[in-house]
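Notes follow once the structure below has been shown.
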Amino acid sequence: MGLHDWSLIIFTILGQMSVGVFLILGVIHTVAIRRHAVEEVERLTDRALLAIGPVLVLGFIASLGHLGSPVNAYLSILNVADSWLSREILFGALFAVSGAVFALMQWRKVGPFALRRVVALVAAALGIAFIVSMALVYMLPLQPSWNLWATPVTFLVTSLLTGTLAIGVAFVASYAYERKRDGEDSAALAALLYDSLRGLVIAAVVLVGAQLVTIPLQVAILSGGETAAAVDSAARLTSDYGIMFALRLALAFIGAAIFGLFVYRSTLGQASQRVVGGLVGGAFGLVLVGEVLGRYLFYAANVPIGV
Amino acid sequence: MTEQQMAFYVDLAACSGCKACQIACKDKNDLDVGIMWRRVVEYVGGDWTRSGDAWVSTVYAYSVTVSCLHCEDAPCATACPSSALVKRDDGVVLIDESRCIGCRYCEWSCPYGALQFDGDTGKMTKCDFCADYLDEGKDPACVASCPMRAMDYGPLDELRERYGDLAEVAPLPDPSISRPAVVFGPHPDSRAGASTSGRIGNLEEV
């Protein structure tokens, strides 16, 4: 496990988280403006939207670490006709550009609302194409533990799960900033924050549930695989890396479900923002560490077919 | 006009596993430690089983020399994001190092471990079928070096006419994945590709 693999772990997780944040922000915005004033909603969502850019750029910079000749990186989109790796980079770049255009329009309120909606939908579609092509990069006939439907499913779950909780953290931070600037609590904004956090942790619980179903199924499919490499991959996951594997599942569950429950209850009980913020941050931290371990295992436990 | 696909032939029954081909390849291409465009894989298996008062041996071993097999459906060329891997008119898969970004994606796609990373240059390297020798009308270094005369090369169709069409030999993966340009002459003990009866006996060497 060298720099090579760590750069891919960072790139895939940050890339997926960026898309997840973008998609879920869109959902929150759409739902929230039905019950709250648009201006209030955007006091929370706009800064979260802007935070996506640096995260995605950081991911792309990390991806250069797995190239032997990073100066040639620009050549990586030459084989769009055949290579999923080229398509991954192309869709990633298009998502970055369209997302940046939308974020700029949204931040400066350029153009009518409907136009911004269209740009956001285009960026969201490109983001989904980025995640799908990222999964197809790994679905190679010689890599048994990657060549499963579980790869696109787990990539999407990682995207939405880390995205959900990252938004929770961004909202808490945005709220704290707004309150400091106004010099007082805004009841409307606080209600919006707590409403959103409850929705977010419910989503996180559903997502971690999906993950806790997918991962054991993936191991079961591998253990019953036809090739020795598939069986070895499953064995590495459950024995060689057994402790890390268990820890990865536990962290996702504790972060999303248990911390999520506390977040839910504390927002109902009108706990202080400091407590709520700490719980949301804890949930995000635990889930993120769990996802990093999971992605580490994705690379480390795979046994290729071939000589 | 497209020329015929070039291919290797290996007579597994004649191969003694001496690895002269591996060394000839390293010498001709001046390959650094850790890079082996041709490797000789030893497949071993079997056991001693009791039959009445006697112990009967089912132990077997044979060697498979493997390099880039210049596949007809080269998965490395499909995978390569910068189109650095291309098939020549004669089917030989060549790497254009000036276009290689060193992402190692071809390595994940190759069934034969043919794509190998050079840490000094940051590029992938691979067997080029001694393309310079072929153009001069000379034999590839591996073929020429074999003391058992177990190797041959030529257009795939001609090799198949002469030697048959066996391409599925353990421990090599299913040839339908990439349609490798290779013909094997069977060893009395050679197993089909999916065999799990044996294992690679010299993992530390290959």
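Bear in mind these aren't lab numbers, they're just calculated from the coordinates by the rules spelled out. Keep in mind the model is a prediction, meaning the values are calculated, not measured. Because the Cβ atoms are built from the backbone with ideal geometry, glycine has one as well, and the counts that use them run over all protein chains shown.
How about region B:49-92: which of its residues are part of a strand (DSSP E or B), within 14 Å of chain A (Cβ to nearest Cβ) and among the aliphatic types (A, V, I, L, M)?
Residues satisfying the conditions are B:VAL64, B:VAL66, B:LEU85, B:VAL86.
Going through region B:156-175 one residue at a time, which ones are under 20 Å from B:ALA114 (Cα atoms), touching a residue at least 24 places away in the same chain (Cβ under 8 Å) and touching a strand residue (DSSP E or B) at 6+ places or on another chain (Cβ under 9 Å)?
B:LEU156, B:GLU168, B:VAL169, B:ALA170, B:PRO171, B:LEU172
Look through region B:98-115, keep the residues that are in contact with a Lys or Arg (Cβ under 6 Å, 6 or more places away or on another chain) and facing another protein chain (nearest Cβ under 9 Å), and return whichever of them is surrounded by the fewest Cβ atoms within 10 Å (Cβ to Cβ). Give the steps one after another, and end with the answer.
Going through region B:98-115, the residues in contact with a Lys or Arg (Cβ under 6 Å, 6 or more places away or on another chain) turn out to be B:100, B:102, B:114-115.
Pick out the ones that are also facing another protein chain (nearest Cβ under 9 Å) and you get B:100, B:102.
Numbers: B:CYS100: 27, B:GLY102: 24.
Only one residue tops the list, namely B:GLY102.
Among the candidates A:ALA114, A:ALA125, A:ALA62, A:ALA120, which residue alone is more than 14 Å from chain B (Cβ to nearest Cβ), touching a residue at least 24 places away in the same chain (Cβ under 8 Å) and either over 20 Å from A:LEU8 (Cα atoms) or buried (at least 16 other Cβ atoms within 10 Å of the Cβ) (or both)? So that I can check it myself, show each step before the final result.
On the way: A:ALA114 fails: touching a residue at least 24 places away in the same chain (Cβ under 8 Å); A:ALA125 fails: touching a residue at least 24 places away in the same chain (Cβ under 8 Å); A:ALA62 fails: more than 14 Å from chain B (Cβ to nearest Cβ).
A:ALA120 is the lone residue from the list that is more than 14 Å from chain B (Cβ to nearest Cβ), touching a residue at least 24 places away in the same chain (Cβ under 8 Å) and either over 20 Å from A:LEU8 (Cα atoms) or buried (at least 16 other Cβ atoms within 10 Å of the Cβ) (or both).
Quick check: anything in region A:99-110 surrounded by 20 or more Cβ atoms within 10 Å (Cβ to Cβ) and among the basic types (Lys, Arg)?
The answer is no; no qualifying residue exists.
Can you find a residue in region B:116-138 that is touching a residue at least 24 places away in the same chain (Cβ under 8 Å), away from chain A (no Cβ under 14 Å), under 17 Å from B:VAL10 (Cβ atoms) and more than 13 Å from the chain's Cα centre (by Cα)?
Yes, region B:116-138 contains a residue that is touching a residue at least 24 places away in the same chain (Cβ under 8 Å), away from chain A (no Cβ under 14 Å), under 17 Å from B:VAL10 (Cβ atoms) and more than 13 Å from the chain's Cα centre (by Cα).
Quickly run through region A:242-255 and pick out the residues that are closer than 16 Å to A:THR214 by Cα and touching a residue at least 60 places away in the same chain (Cβ under 8 Å).
Hit for region A:242-255 is A:ALA252, nothing else.
Select from region A:264-277 the residues that are closer than 14 Å to A:SER174 by Cα and either under 21 Å from the mean Cα position of the chain (by Cα) or in contact (Cβ under 8 Å) with a residue 60 or more places away in the chain (or both) and write down the one among them that is surrounded by the fewest Cβ atoms within 10 Å (Cβ to Cβ).
If we filter region A:264-277 for residues that are closer than 14 Å to A:SER174 by Cα, which is where we start, we get A:273-274, A:276-277.
If we keep only those that are either under 21 Å from the mean Cα position of the chain (by Cα) or in contact (Cβ under 8 Å) with a residue 60 or more places away in the chain (or both) as well, we get A:273, A:276-277.
Values: A:GLN273: 17, A:VAL276: 23, A:GLY277: 20.
That would be A:GLN273.
Just to be sure, is B:ALA24 loosely packed, with under 15 Cβ neighbours inside 10 Å and either away from every other protein chain (no Cβ under 11 Å) or in a loop (DSSP other than H, G, I, E, B) (or both)? Before you say what the answer is, go through the steps one by one.
Details: loosely packed, with under 15 Cβ neighbours inside 10 Å: no; either away from every other protein chain (no Cβ under 11 Å) or in a loop (DSSP other than H, G, I, E, B) (or both): yes.
When the stated conditions are applied, B:ALA24 does not pass them.
Of the residues that sit in region A:220-244 and are surrounded by 18 or more Cβ atoms within 10 Å (Cβ to Cβ) and in a helix (DSSP H, G or I), which one is nearest to the chain's Cα centre (by Cα)?
The selected residue is A:LEU237.
So, in region A:63-112, how many residues would count as being closer than 22 Å to A:GLY53 by Cβ, out of contact with any helix residue (DSSP H, G or I) (no Cβ under 7 Å at 6 or more places or on another chain) and part of a helix (DSSP H, G or I)?
Looking only at that region, the number is 5.
Could you please tell me which pairs satisfy a Cβ distance under 8 Å, a separation of 6+ or placement on different chains, a first residue in region A:291-307 that is among the hydroxyl-bearing types (Ser, Thr, Tyr), and a second residue that is not in a helix (DSSP H, G or I)?
Close Cβ pairs satisfying both conditions: A:TYR296/A:MET1; A:TYR299/A:MET1.
Having 1 or more residues that are over 30 Å from A:GLY68 (Cα atoms) is the bar; report the strands (runs of 3 or more DSSP E) wholly within region B:123-206 that clear it.
On the way: elements: B:123-125, B:151-155, B:182-185, B:198-200.
In region B:123-206, the matching strands (runs of 3 or more DSSP E) lie at B:151-155, B:182-185, B:198-200.
What number of residues in region B:127-155 are farther than 24 Å from B:GLN116 by Cβ and surrounded by 15 or more Cβ atoms within 10 Å (Cβ to Cβ)?
The number of residues fulfilling the criteria is 3.
Among the residues of region A:33-40, is there at least one that is in a helix (DSSP H, G or I), surrounded by 15 or more Cβ atoms within 10 Å (Cβ to Cβ) and among the charged types (D, E, K, R)?
Pass one, region A:33-40, residues in a helix (DSSP H, G or I): A:33-35, A:38-40.
Now restrict to residues that are surrounded by 15 or more Cβ atoms within 10 Å (Cβ to Cβ): A:33, A:40.
In the following step, the residues that additionally are among the charged types (D, E, K, R) were identified as A:40.
Checking region A:33-40: at least one residue is in a helix (DSSP H, G or I), surrounded by 15 or more Cβ atoms within 10 Å (Cβ to Cβ) and among the charged types (D, E, K, R).
Name the residues in region A:256-307 that are within 14 Å of chain B (Cβ to nearest Cβ) and either among the β-branched types (Val, Ile, Thr) or not in a helix (DSSP H, G or I) (or both), would you? Walk me through how you get there before you give the answer.
Restricting attention to region A:256-307, the residues satisfying the condition of being within 14 Å of chain B (Cβ to nearest Cβ) are A:298-299, A:302-307.
A:ASN302, A:VAL303, A:PRO304, A:ILE305, A:GLY306, A:VAL307 - these are the residues of region A:256-307 that are within 14 Å of chain B (Cβ to nearest Cβ) and either among the β-branched types (Val, Ile, Thr) or not in a helix (DSSP H, G or I) (or both).
On the given criteria, is B:SER178 in contact with a Cys (Cβ under 9 Å, 6 or more places away or on another chain), within 14 Å of chain A (Cβ to nearest Cβ), touching a residue at least 60 places away in the same chain (Cβ under 8 Å) and not hydrophobic (A, V, I, L, M, F, W, C)?
Details: in contact with a Cys (Cβ under 9 Å, 6 or more places away or on another chain): yes; within 14 Å of chain A (Cβ to nearest Cβ): yes; touching a residue at least 60 places away in the same chain (Cβ under 8 Å): yes; not hydrophobic (A, V, I, L, M, F, W, C): yes.
Yes.
Consider B:LYS26 carefully, then state whether it is under 13 Å from B:CYS142 (Cβ atoms) and free of Cβ contacts under 8 Å to residues at least 24 places away in the same chain.
Numbers: under 13 Å from B:CYS142 (Cβ atoms): yes; free of Cβ contacts under 8 Å to residues at least 24 places away in the same chain: yes.
Against the criterion (under 13 Å from B:CYS142 (Cβ atoms) and free of Cβ contacts under 8 Å to residues at least 24 places away in the same chain), B:LYS26 qualifies.
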